[in-house]
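First comes the structure, then the notes that go with it.
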Amino acid sequence: MSIVISVPVREKTEWWCQALRELMPEWDIHPIEDCPDPRAVEYCVVWRPETGCMKPFVNLKAIVSLGAGIDHVLADAELPEGVPIIRTVGTDLTQRMKEYVVLHALRHHRALPEIQAAQQRHQWHPVIVPPATSRRVGVMGLGNLGAVAAQALATLGFQTVGWSRSPKEIAGVTTYAGSEGFDAFLAGTEILVCLLPLTEATRGILNAETFSRLAPKGAVINAARGAHLVDDDLLTALDDGQLAGATLDVFHLEPLPAEHPFWDHPKITVTPHIASQIDAPTGSRIVAANIRAFAKTGTVADIADAARGY
């Protein structure tokens with residue numbers, strides 16, 4: 001029984017291998033490039049795998065995505081057909097995303113970027129903002145991460161609304177679904193949080209048309225995928241004053257190139273894809289439990305639907 005692991009940085013691959021070896025001593029676990037016997041490999045554990053890297057494993061039973069999203073797996077044009085994909089989700093990941101969304105929603109709500117800019121100018125700049133109960137915050141995507149983030153925002157008192165592909169019910173959150181509910185969801189929303197899965201239907205959804213439907217001087221938080229955002233549309237909306245600010249954790253190209261205009265834009269906060277970053281000590285426990293359960297039963301709760309893209 002063999003497992004191979006592939007993440008973009010060799011040191012991190014070794015980190016994951018060591019963590020899983022401690023939890024699964026009965027398995028042979030190797031970096032994907034050091035696999036001694038491709039025919040023995042039953043599981044690939046991957047994050048942003050290189051195209052074709054899983055093709056040699058003819059006895060593959062499942063692919064494990066080191067994250068809640070599977071778009072990085074489906075991007076492999078030579079992905080083995082019909083192999084189940086297991087998502088990696090858990091309370092630690094949802095807690096981290098909840099913290100990130102609440103942190104940056106509050107930053108925009110309390111005009112902290114504006115206050116920090118005034119500090120750099122040595123200006124005393126009191127800003128009066130409405131209470132959270134008068135502020136509408138919208139969460140796009142109500143899966144594991146989005147639902148928890150929306151509930152946390154509602155608990156703080158925000159007028160919280162949510163939008164998803166299919167209808168959802170979340171305590172304290174007014175929900176909308178499908179294309180027919182999108183405009184009503186956006187109308188009056190002052191802080192827009194994107195936690196959508198990346199599919200062809202959601203690619204580029206953070207665009208000029210979407211921004212135009214938000215309340216004036218709104219803010220955008222993208223902690224989903226870089227491809228959800230049309231970069232030039234965001235820059236235009238910020239420069240025109242349509243939007244007051246943005247927090248971006250994900251980008252079309254990562255790491256974000258040093259010459260990209262996001263770095264120096266005064267209304268943009270850049271974070272290096274850390275909103276719900278998974279680490280080997282935490283994530284390996286989830287991965288090990290899922291592989292063992294799948295090996296025993298042929299399924300787990302976190303099987304993705306490749307046709308839907310999540």
Discussion item. With surrounded by 14 or more Cβ atoms within 10 Å (Cβ to Cβ), among the small types (Gly, Ala, Ser) and in contact with a Phe, Trp or Tyr (Cβ under 7 Å, 6 or more places away or on another chain) as the only criterion, which of ALA219, ALA224, ALA275, ALA244 stands out?
Written reply: ALA275
Worksheet item: Is it the case that some residue within segment 11-19 is out of contact with any Leu (no Cβ under 9 Å at 6 or more places or on another chain) and part of a loop (DSSP other than H, G, I, E, B)?
Response: no
Discussion item. Could you check segment 32-58 and list, in sequence order, the residues that are of a type outside the set (A, V, I, L, M) and either surrounded by 16 or more Cβ atoms within 10 Å (Cβ to Cβ) or in contact with a strand residue (DSSP E or B) (Cβ under 6 Å, 6 or more places away or on another chain) (or both)?
Written reply: CYS35, PRO38, GLU42, TYR43, CYS44, TRP47, ARG48, PRO49, CYS53, PHE57
Worksheet item: Hey, among the residues in segment 174-189 that are under 21 Å from the mean Cα position of the chain (by Cα) and not β-branched (Val, Ile, Thr), which one's farthest from ARG135 (Cα to Cα)?
Response: GLY178
Worksheet item: Could you say which residue among PHE294, PHE262 is under 30 Å from GLN120 (Cα atoms), in contact with a strand residue (DSSP E or B) (Cβ under 6 Å, 6 or more places away or on another chain) and not small (Gly, Ala, Ser)?
Response: PHE262
Item to complete: Search segment 113-149 for residues being aliphatic (A, V, I, L, M) and over 28 Å from ASP264 (Cβ atoms), and hand back the single one that is surrounded by the fewest Cβ atoms within 10 Å (Cβ to Cβ).
Response: ILE128
Response to the item:
Among GLU169, GLU190, the single one that is farther than 23 Å from LEU243 by Cα and modelled with pLDDT of 95 or more is GLU169
Worksheet item: Does ASP233 satisfy the condition of being modelled with pLDDT of 95 or more, of a type in the set (Asp, Glu), surrounded by 15 or more Cβ atoms within 10 Å (Cβ to Cβ) and over 20 Å from the mean Cα position of the chain (by Cα)?
Response: yes
Worksheet item: Of the residues TYR100, TYR43, which is among the aromatic types (Phe, Trp, Tyr), assigned by TED's automatic domain parsing to the domain that holds ILE191 and at pLDDT 95 or above?
Response: TYR100
Worksheet item: Any chance segment 205-215 includes a residue that's in the same structural domain as ALA147 (by TED's automatic domain parsing), farther than 30 Å from VAL41 by Cα, hydroxyl-bearing (Ser, Thr, Tyr) and under 14 Å from the mean Cα position of the chain (by Cα)?
Response: no
Worksheet, complete the sentence: If we keep only residues of segment 78-112 that are over 30 Å from ASP305 (Cα atoms) and free of Cβ contacts under 8 Å to residues at least 12 places away in the same chain, then the residue surrounded by the fewest Cβ atoms within 10 Å (Cβ to Cβ) is LEU103
Fill in: Complete set of residues in segment 114-152 that are over 25 Å from ARG213 (Cβ atoms) and touching a residue at least 24 places away in the same chain (Cβ under 8 Å)
ALA117, ASN144, VAL148
Worksheet item: What are the pairs, 6+ residues apart or on separate chains, where a residue within segment 203-226 that is under 27 Å from ARG96 (Cβ atoms) has its Cβ under 6 Å from a residue that is surrounded by fewer than 22 Cβ atoms within 10 Å (Cβ to Cβ) and small (Gly, Ala, Ser)?
Response: ARG203/ALA227; ALA219/ALA244
Worksheet item: Just checking, which of THR189, THR199 is in a loop (DSSP other than H, G, I, E, B) and surrounded by 21 or more Cβ atoms within 10 Å (Cβ to Cβ)?
Response: THR189
Worksheet item: Restricting segment 269-310 to residues that are part of a helix (DSSP H, G or I), hydroxyl-bearing (Ser, Thr, Tyr) and within 12 Å of LEU66 (Cα to Cα), which is farthest from the chain's Cα centre (by Cα)?
Response: SER284
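The values are calculated or read from the model by the stated rules, or taken from the named source; none is laboratory data. Please read all numbers here as calculations on a predicted model, not as lab measurements. Cβ sites come from the backbone with ideal geometry, for glycine too, and all protein chains shown count toward neighbours.
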